[in-house]
Amino acid sequence: MKESIIISNSNIQPAIFQQRLDFYWQFIAVYSVILLFYSLMRGTIEEGTITLVLNDPLVLLLAFFIVTTSVAMLVTLYRRRKIIIGKDYIIFKNRFREKKYTADKILRISLGRVNRLQKRAAYRVIRIKVENRRRAIRIRPNAYWDDKELVDSILEIKKLIRH
């Protein structure tokens with residue numbers, strides 16, 4: 001889901017990339033289905049009633065996975081991380097703060113290699129080295145919606161930085 005904001009004095013539209021949450025739902029759904037089937041297989045049916053086994057180690061482990069994935073999803077949903085990329089700047093924004101880096105403050109942008117055998121660059125990482133910051137900023141494009149457009153937008157910023 002990419003949103004565009006129109007700036008009033010020009011026709012520049014910064015791109016807003018929101019963090020993906022769909023994999024959390026997928027994990028919760030898969031763990032829940034497995035938990036349901038396993039507990040039904042371990043349970044017994046007597047005289048029209050179903051008894052489920054809840055103190056089995058595998059049931060507890062699957063329940064733990066469901067709870068921790070749900071908590072992680074809620075925390076990520078609450079933080080609302082976004083990357084906003086304009087003509088010559090990158091903004092990292094969440095619910096609590098916003099940090100803007102202009103092209104003249106960016107020292108280097110490096111992109112991980114793309115494996116030709118993979119259809120999707122699942123583990124590609126972008127590193128952005130900024131002045132007055134000790135460690136580089138790391139971005140996993142596949143963690144955001146429209147990851148290919150995110151990489152293309154960052155490549156446009158990379159063209160602007162001084163070498």
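Worth pointing out:
- Residue 45 vs. criteria over 20 Å from the mean Cα position of the chain (by Cα) and part of a strand (DSSP E or B): yes
- Of the residues making up segment 34-47, one or more are more than 30 Å from residue 95 (Cβ to Cβ), at pLDDT below 80 and surrounded by 11 or more Cβ atoms within 10 Å (Cβ to Cβ).
- Here residue 59 meets the list (1) modelled with pLDDT of 75 or more; (2) exposed (fewer than 13 other Cβ atoms within 10 Å of the Cβ) almost entirely, failing just condition (2).
- Positions within segment 55-94 being among the β-branched types (Val, Ile, Thr) and in a helix (DSSP H, G or I), in sequence order: 59, 66, 67, 68, 69, 71, 75, 76
- Filter pass, residue 27 being loosely packed, with under 15 Cβ neighbours inside 10 Å, aromatic (Phe, Trp, Tyr) and either at pLDDT 75 or above or in a helix (DSSP H, G or I) (or both): no
- Flag if residue 102 is among the polar types (S, T, N, Q), surrounded by 12 or more Cβ atoms within 10 Å (Cβ to Cβ), under 16 Å from residue 160 (Cα atoms) and modelled with pLDDT under 95: yes
- Single unsatisfied condition, residue 108 versus (1) over 29 Å from residue 150 (Cα atoms); (2) assigned by TED's automatic domain parsing to the domain that holds residue 137: (1)
The values are calculated or read from the model by the stated rules, or taken from the named source; none is laboratory data. Here the structure is a predicted model, which is why all the values come from computation and not from measurement. Quick reminder, even Gly has a Cβ in these numbers, built from the backbone with ideal geometry, and neighbours come from all protein chains shown.
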